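See structure below.
None of the figures in this text is laboratory data; all of them are computed from the coordinates on show. Since we're looking at a predicted model, the values are computed, not measured. With ideal geometry, Cβ positions are generated from the backbone for all residues, glycine too; neighbour counts draw on all protein chains shown.
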Amino acid sequence: MPSNDARPICDYEGSDYRTAFWEGQGREYEDTVERTLLRRWLPQSGRRLIDIGAGFGRLADLYDGYEQVVLFDYSFSQIAYARQRLGDERFIYVAGDLYRMPLASHAVDCAVMVRVLHHIADVPAALTQVARIMRPHGRYLLEFANKRHLKNLLRHATGRGPDPRDRQPFEFADVHYDFHPTWVQERLSEAGFELDRKRSLSILRLGALKRRIPAGTLASLDRALQPLTTPLDLGPSVFTQSTSTKTGEPPWVETAALFSCPDCRHEPLTADAQGDLHCSRCGAHWPRRDGVFLFKEP
């Protein structure tokens, strides 16, 4: 589905992503590996965290140390389900376009983005938006699909896949991209992030192994292999932890001033008695439906 500026967006609106891809689908190993790393890298506490591409809230239980958590996704139906499951305490639910992020500048001190970048056609534009909403020295945990993983190396060696040495993103399906780790690191730096550390994960993502070995055992083996797989970028999934290079200490963005207008960038927006949001500069109106702030279309 095209965004307002014609950049393609992968839209999970109304899909059965939760049940068709995660629950009961044999991905306990991948889920465990990702959770294990996030628990190690995620700052244990903070004022406000945003999960970009949160979907149905799969990782929301990892954020207990944060005073406020913004669950952000393009799909209204996925976010609405997350609200039904998690409730409103500490959580703010937002459906919107990452290229037109509706949060105020300096609004969050931590951002998490897992299994999202492979759907992003314009990575520099997306990372610029993440950098804008980040407070000085904020942490950004990013996962992306790795172009250089072992299976791709073997495919290319037999003439069946793209060159994993080529640093340009590879679109292997419609709005599905693999990325070279060095290319992603360069884009992070350009957006205003300094790379702290990197890990290559899920090297054991093979059906035969997952059917025979418990997920917890595979995840433990994966963690033991990460010091070996990371320097060569052999895992199909790469996690990075970066720090915003912003300096200074702008005032904290209170909840009432959390949103900015994705059309004209005016901030903050004002709320009416129904909880809908309005821009005093351009007149745009952004509704709140079933507890979800809806920024997909004005």
Checked the stretch 117-148 for anything outside any strand (DSSP E or B), touching a residue at least 40 places away in the same chain (Cβ under 8 Å) and out of contact with any helix residue (DSSP H, G or I) (no Cβ under 8 Å at 6 or more places or on another chain); matches are 118, 119, 121, 133
Which listed residue, of 24, 14, is under 20 Å from residue 175 (Cβ atoms) and part of a loop (DSSP other than H, G, I, E, B)
14
Pull out all pairs, ordered by first then second residue, where Cβ-Cβ is under 6 Å, the residues are six or more apart or on different chains, the first lies in the stretch 241-258 and is touching a residue at least 40 places away in the same chain (Cβ under 8 Å), and the second is part of a helix (DSSP H, G or I) and aliphatic (A, V, I, L, M).
242/188
Can you confirm whether residue 29 is in a helix (DSSP H, G or I) and either aromatic (Phe, Trp, Tyr) or closer than 25 Å to residue 236 by Cα (or both)?
yes
Pick from the stretch 31-49, criterion out of contact with any Phe, Trp or Tyr (no Cβ under 6 Å at 6 or more places or on another chain) and crowded, with 23+ Cβ neighbours inside 10 Å, ranking: farthest from residue 94 (Cα to Cα):
33
